[in-house]
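One structure coming up, written as structure tokens, with questions to follow.
Each value in this text was obtained by applying a stated rule to the coordinates, not by laboratory testing. Everything numeric in this text was worked out from a predicted model, so none of it was measured. Every residue, glycine as well, gets a Cβ built from its backbone with ideal geometry; the counts of neighbours run over all protein chains shown.
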Amino acid sequence: MSLTPSPRVADLITLSISAGRAILSIYASDFSAKAKSDLTPVTEADEAAEKIILAGLARLDPGTPVISEEAASAGRIPAASSHFFLVDPLDGTKEFISRNGEFTVNIALVDHGVPVAGVVYAPALGRMFWGELGVGAAQCAVGADETLSSWRPMTVRALPGDGATVVASRSHRDQATEDYLRKINVKSLCSAGSSLKFCLVAAGEADLYPRFGRTMEWDTAAGHAVLLAAGGKVMTAEDGTPLGYGKSERGYDNPGFIASA
């Protein structure tokens, strides 16, 4: 059985493929990285992909504000709105620099704090994921010629009785995560970069993704949307409430969270 994305999500998928094409062109070159003011790395691929996505969203939906990582880092943040796009043009820059392929293009639509639609594209791995509340979630393979295979619906799985498969950050593992893992029944532990971790839970390939280190809203919104549409949830580690978006009073920082089936 296949699942067809809505026209709105189909447009975001097309846009993510265009951004991915630019990213892969730079990925194959002798690129360089520089440090932003918060000391996180940025490459020309981040900037090229963001330019493509911002231009595309302005054409597709000019009335909806966009909060995007590199623009926000430069202080260009639109006025607060209850309905907006969140974009991370290249999530997992450290994975990009290390050339392990585990980086993604993230585009999400947020409505009243909830990520209602999202696309996550891993161009180097040839994997595309999307989710939309009320429609569902699906994944497909993307060929070298950018053709898409049939969409395969995704739903989270029930927690196995013999323990959880946990996926954790490859580049940002911290002591809080290690402490959490010691408190639960872990069957297996794997590492992955970027928003792929949300998608692995959504696809039933993992059960839990704990994250206690710093993340920003644009890092998580698209993967969160995919997981929500697949039947999962993302709850804050502070008080167990759903992780929300539009937290301008926090500078768009997320608290620690647990993403689960």
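How much mean residue ellipticity at 222 nm does the chain get from its helices, if each DSSP H run of length 4 or more adds -39500 (n - 2.57) and you divide by all residues, to the nearest 500 deg cm²/dmol?
Computed ellipticity for the chain at 222 nm equals -9000 deg cm²/dmol.
Same structure again: With each label point set 7 Å from Cα along the Cα-Cβ vector, what nm distance links residue 81 and residue 148?
2.4
Another one. Quick check on packing: order 175-186, 81-92 by the mean number of other C-beta atoms within 10 Å, highest mean leading.
Ranked from most to least packed, the peptides come out as 81-92, 175-186.
Could you list the square roots of 5 times each eigenvalue of the Cα gyration tensor of the chain, that is, the equivalent ellipsoid semi-axes, sorted largest first and rounded to whole Å? Walk me through the numbers on the way to the answer.
On the way: eigenvalues 125, 87, 76 Å².
Equivalent-ellipsoid dimensions as semi-axes: 25, 21, 20 Å.
Apply the Karplus parameterisation 6.51 cos²θ - 1.76 cosθ + 1.60, with θ equal to phi minus 60°, to every residue of the range 64-80 and state each ³J(HN,Hα) to the nearest whole Hz, in sequence, with x for glycine and proline.
With the stated coefficients, the range 64-80 comes to 9, x, 10, 10, 10, 4, 5, 5, 5, 4, 8, x, 9, 10, x, 4, 4 Hz.
Would you mind ranking 218, 130, 151 by Cβ crowding within 10 Å, fewest neighbours first? Walk me through the numbers before you get to the answer.
Details: 218 27, 130 31, 151 18.
If I rank by nearby Cβ atoms, fewest first, I get 151, 218, 130.
Round to the nearest 0.05 the FRET efficiency obtained for residue 233 and residue 35 when R0 = 41 Å and r is the Cβ-Cβ distance. Display every interim value, and only then the final one.
On the way: r = 35 Å, r/R0 = 0.85.
Result of the calculation: an efficiency of 0.75.
Suppose every Lys and Arg Cβ carries +1 and every Asp and Glu Cβ carries -1, with no other charges. What dipole size does the range 164-260 come out with about its Cα centre, to the nearest 20 debye?
On the way: 11 positive and 11 negative charges, 45 e Å.
With Lys and Arg at +1 and Asp and Glu at -1, about 220 debye.
Give the lysines reachable from residue 34 as a straight Cα distance under 25 Å; neighbours fewer than 8 places away on the same chain don't count.
Straight-line reach from residue 34, under 25 Å: 51, 94.
State the percent of C-alpha pairs, over all pairs in the range 78-213, separated by a distance greater than 21 angstrom. Mind dumping the intermediate values first?
Working: 4452 of 9180 pairs.
The calculated P(r) of the range 78-213 puts 48 percent of pairs beyond 21 Å.
Ordered by residue, what ³J(HN,Hα) values in Hz, to whole numbers, does the range 201-217 give under the Karplus form 6.51 cos²θ - 1.76 cosθ + 1.60, where θ = phi - 60° and Gly and Pro are x?
These are the phi-based 3J(HN,Hα) values: 5, 4, 7, x, 8, 8, 10, 9, 9, x, 9, 10, x, 5, 9, 10, 4 Hz.
What are the residues whose amide H is under 5 Å from the amide H of residue 194, where those residues sit 5 or more places off or on another chain and H is modelled from the backbone?
Hits under the 5 Å cutoff: 170.
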